[in-house]
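Student: Mind having a look at this structure? Questions to follow.
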Amino acid sequence: LKASPNTTYQYTVNNSTTPPTFCLTATNGSTSYFTTNDATPTAGGCPGHGTGGTAAITNLHTNPSVSTSTDGWAATPAGGAITAGHLTSPGPTSFLTSLYRVTITATQTSSPLTVLTGNSIAVQPSTQYVASVYVRLSSALASGPRIDVTEFAPNGTDTTSFHQGATGSNATGVWTRISNSFTTTATTAYCRIMVNYSGPTTLPVNSTIDTTGVMLTQSSMLYNYADGNAPNWVWNGTPNNSTSTGPAL
């Protein structure tokens, strides 16, 4: 491939097919073209590639919408009984079709109620990230939930660095998105995302709190939610259970 001035190339290959396939995106300024297996170049880019001079981004959460299992998802009650698990249901976007539902089955007697505890995600030290998640409440609470982040050293010990997010919306019956921008410490190797509710403990029995669409990006801005099921995005491993990459939506 002969290089040309100011042109960048992105290349991916799929060796699991027979014969193997590839896709190549070439970008010059704000113009991108792609070709698959030597086909005629077409305006645009390959799935998972940045286009038009905009770099691709990566959602680092490996099970962002509980699509196939509850791997990496858990809830901790605040002194009362709850049930929690995967539910197939329309979400806040056309490609989010599952969620994690926590149902209050007995009055909570302490605080906070952890609605979501995500799995540990590898991150870089001294780097800025943005975490976000969609939340839906069935009943009005005294205050909305928030998204918090804890950090861990390479050996798995807590670095004692805790990033408490702002209280989110208290609206009922609608999806709202909460986010938290933070910078890791110089000794951080992993982080864990949580959704917490720390208001009064008298949560309505039989009320539900739904979460889906977790996103963690190495960035300073909040991007629109995306994962490997989004247009022009790809999973970087097992579908619905790996990181995913694509252009900002």
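The values are calculated or read from the model by the stated rules, or taken from the named source; none is laboratory data. Bear in mind that the values here come from a model prediction, so they are computed numbers and not experimental data. These accessible areas exclude ligands, DNA and RNA; they are computed on the full protein's heavy atoms, side chains included. Shrake-Rupley method; radii C 1.70, N 1.55, O 1.52, S 1.80 Å.
Student: Would you please report the Å³ per residue occupied by the convex hull of the alpha carbon atoms in the range 84-153? If you can, show how the numbers build up before the last one.
Tutor: Values: hull volume 10.7 nm³, N = 70.
Cα convex hull per residue, to the nearest whole number: 153 Å³.
Student: May I ask for the Rg/Rh ratio of the range 1-110, computed from Cα atoms with Rh as the Kirkwood radius, given to two decimals? Could you put the intermediate results ahead of the total?
Tutor: Working: Rg = 22.0 Å, Rh = 18.0 Å.
Here Rg/Rh amounts to 1.23.
Student: Further, regarding this structure: Sorted by accessible area with a 1.4 angstrom probe, largest first, how do Thr83, Thr117, Thr211 fall? Don't skip to the answer; put the middle values down first.
Tutor: On the way: Thr83 70, Thr117 35, Thr211 0 Å².
The ranking, largest first, comes out as Thr83, Thr117, Thr211.
Student: A follow-up question, please. Just need the relative contact order of the range 57-157 here, percent rounded to a whole number, with Cα pairs under 8 Å and 6+ apart.
Tutor: Details: 119 pairs, mean separation 26.0, N = 101.
Averaging sequence separation for qualifying contacts and normalising by length gives 26 percent for the range 57-157.
Student: Using a probe of 1.4 angstrom, how much of the accessible area of the range 67-116 is carbon and sulfur, in percent? Provide the component values of the computation, followed by the final result.
Tutor: Numbers: 1120 of 2120 Å².
The nonpolar share, carbon plus sulfur, comes to 53 percent.
Student: Hey, what did the range 1-110 get for relative contact order, percent, Cα under 8 Å, at least 6 apart?
Tutor: On the way: 186 pairs, mean separation 17.1, N = 110.
Taking the mean separation of contacting Cα pairs over the length of the range 1-110, I get 16 percent.
Student: Another question about this same structure. How compact is the chain by the rule of thumb for globular proteins, expressed as Cα Rg over 2.2 N^0.38 Å?
Tutor: On the way: Rg = 20.3 Å, N = 249, 2.2 N^0.38 = 17.9 Å.
Normalised by 2.2 N^0.38 Å, the Cα Rg of the chain equals 1.13.
Student: So if each residue of separation counts as 0.36 nm, and I subtract the Cα-Cα distance between Ser126 and Ser143, what length gain in nm does that give? Provide the component values of the computation, followed by the final result.
Tutor: On the way: separation 17, 0.36 × 17 = 6.12 nm, distance 3.20 nm.
Gain in length upon complete extension: 2.9 nm.
Student: From largest accessible area down, sort Arg146, Arg177; use a 1.4 Å probe on the protein chains.
Tutor: Numbers: Arg146 30, Arg177 70 Å².
Order by accessible area, largest first: Arg177, Arg146.
Student: Over the Cα atoms of the range 8-55, what Rg and Dmax result, in angstrom?
Tutor: Radius of gyration, then largest Cα-Cα span, for the range 8-55: 10.8, 35 Å.
Student: Return a whole-number percent for the relative contact order of the range 197-249, with Cα pairs under 8 Å and 6 or more residues apart as the contact set. Please list the in-between numbers first.
Tutor: Working: 46 pairs, mean separation 12.9, N = 53.
In percent, rounded to a whole number, it is 24.
Student: Over all Cα pairs of the range 118-241, how is the pair count split among 10 Å bins, expressed in % and running from 0 up to the last occupied bin?
Tutor: With 10 Å bins starting at 0, P(r) equals 13, 38, 33, 15, 1.
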